[in-house]
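Written out below as structure tokens is the structure these notes cover.
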Amino acid sequence: MKLLGVLVFLVLAILAMRGARWAYAGFVMLILLYFPASTGFRVDPKPCELTFNLPLGVQSLSNYPHIILFSFFFLVTTRQLRLSRWRRFGWSIGLTMAMGAAVEIAEGLSGKHHCKTVDLIPDFMGALLGLMVVVLGGTIASAKLSRRNGDNGPIRGNQTVD
């Protein structure tokens, strides 16, 4: 059953990356339902750790699964939004952080996982990593396109236009 869930998750993720909005909605719902489903939908709420301090924040940066998963969530979310470039990035970061908070709440409600607000730090780092991937990817694609079209870039200094 777990294998089927992973396969459905991967199919929805791939379709969402290709721009299917219904797949994105299913992708988000599957993420939020993972924690309750892992306990058979039995709720055993545990209190969330609301502690923030520097050593705990630095230690949270080693939470690589959160960083990787939330950078992927940022990429999928950015692909779904049809806004101007910087507005899309702002909304994607906001939605990634909202998903991070929702995941922490779901972890706390399930009782099986540990709800820690300090996990929002690696979630934010994942969003920033995703942002870097999108910006660098766009820059590389733009450079390749301009080379293909014979454009040498902007005019600088004392260059003249023919």
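Quick look at the values:
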{"read-out": "Test: residue in the stretch 44-57 that is closer than 24 Å to Lys112 by Cβ and under 15 Å from the mean Cα position of the chain (by Cα)", "value": "no"}
{"read-out": "Condition check for Gly19: closer than 20 Å to Gly138 by Cα, surrounded by fewer than 17 Cβ atoms within 10 Å (Cβ to Cβ) and modelled with pLDDT of 90 or more", "value": "no"}
{"read-out": "Selection status of His113, assigned to a loop (DSSP other than H, G, I, E, B) and closer than 19 Å to Leu33 by Cα", "value": "yes"}
{"read-out": "The stretch 40-84, residues that are more than 29 Å from Tyr24 (Cβ to Cβ) and not in a helix (DSSP H, G or I)", "value": "Asp44, Lys46, Pro47, Glu49, Leu50, Thr51, Phe52, Asn53, Ser62"}
{"read-out": "Filter pass, Ile121 being under 26 Å from Ala37 (Cβ atoms) and assigned to a helix (DSSP H, G or I)", "value": "no"}
{"read-out": "Matching entry among Ser60, Ser71 (being modelled with pLDDT of 95 or more and either closer than 18 Å to Gly126 by Cα or crowded, with 16+ Cβ neighbours inside 10 Å (or both))", "value": "Ser71"}
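The values are calculated or read from the model by the stated rules, or taken from the named source; none is laboratory data. What you see is a predicted model, and the numbers here were worked out from it, not measured in a lab. Positions of Cβ are generated from backbone atoms using ideal geometry, with glycine treated the same way; all protein chains shown enter the neighbour counts.
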